[in-house]
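Reviewing the structure listed below.
The values are calculated or read from the model by the stated rules, or taken from the named source; none is laboratory data. Computed from a predicted model, the values in this text were never measured in an experiment. No Cβ is skipped: glycine too gets one built from the backbone with ideal geometry, and neighbour counts run over all protein chains shown. Heads up: the accessible areas ignore ligands, DNA and RNA and are worked out on the full protein's heavy atoms, side chains in. Shrake-Rupley method; radii C 1.70, N 1.55, O 1.52, S 1.80 Å.
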Amino acid sequence: MKTVIFSHPWDGSFNKAILDQVVKKLDETKEKYTVIDLNKDGFNPVITEKELSLYSQGKSIDPLVLKYQEILKNTDELILIFPIWWMSMPAILKGFFDKVMVKGFAYESTKNGIKGLLTNIKTAKMITTAEAPKILLSITGFGITMKKANLGGVGIKKTEWIHYTLKMQGTDEDRRKFLEKVGKFMSN
């Protein structure tokens with residue numbers, strides 16, 4: 001099963017158009033999938049004191065965390081759609097990694113560092129938007145952090161990434177072409 005994680009609060013955004021294109025492509029190919037819409041779900045990215053007391057045990061009292069973990073156990077491909085704000089992922093997505101990808105579920109400690117446990121997820125696909133071009137995001141380490149630390153750290157070996165640089169003077173044609181690229185990206 002494919003799992004799409006969507007992290008944008010506004011239904012009128014270009015990110016939502018990207019999500020719609022991904023879902024359309026998955027429907028066309030009759031792929032089994034689920035969408036986790038962090039904002040619509042009302043996911044709280046903040047770790048409370050009570051949650052932190054359970055964190056080192058790999059436990060949670062947040063029902064959404066437990067739901068998301070069950071979904072991820074049955075996922076073979078992860079698709080992340082999000083804007084890049086301040087050269088990073090939105091706080092709600094960072095909170096998803098902080099709260100859902102806990103020790104004992106997503107990774108375990110070894111004498112050489114951490115070992116990812118979500119090896120059932122064979123591939124991750126990232127689709128991002130930002131004012132900054134992808135080359136700048138790569139130079140600043142964003143891509144490496146996402147691919148190697150966040151996703152690689154939980155056991156995902158292969159990550160593919162496409163990016164749309166938002167243009168102040170961007171045209172509908174620019175956006176249409178990127179949505180076509182998203183369709184092809186999903187077909188890989």
- Message: Quick check on Thr145: is it modelled with pLDDT of 95 or more, within 24 Å of Gln69 (Cβ to Cβ) and either surrounded by 14 or more Cβ atoms within 10 Å (Cβ to Cβ) or small (Gly, Ala, Ser) (or both)?
- Response: no
- Query: Which pairs do you get when a residue that is free of Cβ contacts under 8 Å to residues at least 12 places away in the same chain, found in region 48-77, comes within reach of a residue that is part of a helix (DSSP H, G or I) and surrounded by 12 or more Cβ atoms within 10 Å (Cβ to Cβ), reach meaning Cβ atoms under 7 angstrom, with the pair 6+ apart or on two chains?
  - Reply: Ile61/Glu51; Ile61/Leu54
- Query: Of all the residues that make up region 93-127, how many are open to solvent by less than 50 Å² (accessible area, probe 1.4 Å), of a type in the set (Val, Ile, Thr) and touching a Phe, Trp or Tyr at 6+ places or on another chain (Cβ under 6 Å)?
  - Reply: 1
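Taking the condition closer than 30 Å to Ala106 by Cβ and in contact (Cβ under 8 Å) with a residue 60 or more places away in the chain, does Val154 pass? I'd like the intermediate steps shown before the answer.
On the way: closer than 30 Å to Ala106 by Cβ: yes; in contact (Cβ under 8 Å) with a residue 60 or more places away in the chain: no.
In short, no.
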- Ser138 meets each of (1) modelled with pLDDT of 95 or more; (2) surrounded by 13 or more Cβ atoms within 10 Å (Cβ to Cβ); (3) part of a helix (DSSP H, G or I) with one exception, condition (1)
- Of the residues that sit in region 158-179 and are among the basic types (Lys, Arg) and not in a loop (DSSP other than H, G, I, E, B), which one is least open to solvent (accessible area, probe 1.4 Å)? Arg175
